[in-house]
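One structure below.
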Amino acid sequence: MANICIVFGSTTGNTRDVAQKLRLIWGREDADLVDVAEADADLFARYDRFILATSTWGAGDLQDDWEIFFPQLDGVDLSGKRIAVMALGDQQHYPEAFCDCVALLVDKVHERGGTVVGFADAENYIYTASRAEREGRLLGLLLDEDNQADLTDQRLRGWVERLRKEFG
Ligand SMILES: Cc1cc2nc3c(=O)[nH]c(=O)nc-3n(C[C@H](O)[C@H](O)[C@H](O)COP(=O)(O)O)c2cc1C
């Protein structure tokens, strides 16, 4: 079994595509990829390292399949687990709620006893406000396939390098 599990939710395919790219960068053999639409809570007992990937919908909300799955996390013990969060959003059309949903996942992971890793630098973004930003740092990796797709590869590679150390 792989070392890490990438759990993604995607409505129009962007997050799925980026999650697949992330898996290839990580190493196909070392990372499993699961669509949250097909996940059950037991999944969280099977790995110690997770990357949760979602897109942002509504006004800063989780992607629909993640929203449906989210309450199941209340029955999950995440103590001893290291978890990183990645989100896709659109800074131009939602500059005041860019990838806000990251905060929901991060707060839930903390609540369930997990350790959040994979904070990122808030550099080269064009949004005006995001709940994913706390004290000048990003709680996870924020990507914008609508306006900054050219930065995605570089952002993913930098983040994976950091995660390899933080996942241990
Ligand atoms: C109706 C709608 C609402 C959206 N709401 C937000 C939002 O609140 N914040 C944000 O950063 N992006 C928002 N987005 C942008 C999407 O998150 C973005 O297009 C993303 O790449 C979609 O990824 P997916 O195909 O994996 O679902 C919204 C897009 C649509 C169409």
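The values are calculated or read from the model by the stated rules, or taken from the named source; none is laboratory data. Values in this document were obtained by computation on a predicted structure and should not be read as measured data. Glycine gets a Cβ as well: all are built from the backbone with ideal geometry, and neighbour counts include every protein chain shown.
Can you tell me how many residues in region 111-139 are in contact with a helix residue (DSSP H, G or I) (Cβ under 8 Å, 6 or more places away or on another chain), of a type outside the set (S, T, N, Q) and at positive phi?
1
Which members of region 103-152 meet the condition of being under 17 Å from residue 78 (Cβ atoms) and among the hydroxyl-bearing types (Ser, Thr, Tyr)?
Within region 103-152, just 115 meets the criteria.
Identify the residue in region 24-41 that is closer than 20 Å to residue 157 by Cα and part of a strand (DSSP E or B) and, among all such residues, is nearest to the ligand (Cβ to nearest atom).
33
State whether the residues of region 84-104 include one that is of a type in the set (Gly, Ala, Ser), under 17 Å from the mean Cα position of the chain (by Cα), crowded, with 22+ Cβ neighbours inside 10 Å and closer than 15 Å to residue 50 by Cα.
yes
Can you pull out the residues in region 54-83 that are surrounded by fewer than 24 Cβ atoms within 10 Å (Cβ to Cβ), small (Gly, Ala, Ser) and outside any loop (DSSP other than H, G, I, E, B)?
75
Among the residues of region 82-108 satisfying the criterion of being more than 16 Å from the ligand (Cβ to nearest atom) and in contact (Cβ under 8 Å) with a residue 40 or more places away in the chain, which is nearest to residue 135 (Cα to Cα)?
Among those residues, the one meeting the criterion is 84.
Kindly indicate whether residue 160 is β-branched (Val, Ile, Thr), away from the ligand (no atom under 14 Å from the Cβ) and touching a Ser or Thr at 6+ places or on another chain (Cβ under 9 Å).
no
Among the residues of region 1-52 satisfying the criterion of being aromatic (Phe, Trp, Tyr) and under 13 Å from residue 85 (Cβ atoms), which is surrounded by the most Cβ atoms within 10 Å (Cβ to Cβ)?
8
Being part of a helix (DSSP H, G or I) and under 18 Å from residue 55 (Cβ atoms) is the filter; apply it to region 110-152 and report the residue that is farthest from the ligand (Cβ to nearest atom).
Among those that are part of a helix (DSSP H, G or I) and under 18 Å from residue 55 (Cβ atoms), it is 151.
Filter region 1-23 down to residues that are assigned to a loop (DSSP other than H, G, I, E, B) and either at pLDDT 95 or above or within 20 Å of residue 118 (Cα to Cα) (or both) and give me whichever is farthest from the ligand (Cβ to nearest atom).
3
When the residues of region 42-81 are filtered to those that are closer than 21 Å to residue 133 by Cα and β-branched (Val, Ile, Thr), which remaining residue is farthest from the ligand (Cβ to nearest atom)?
51
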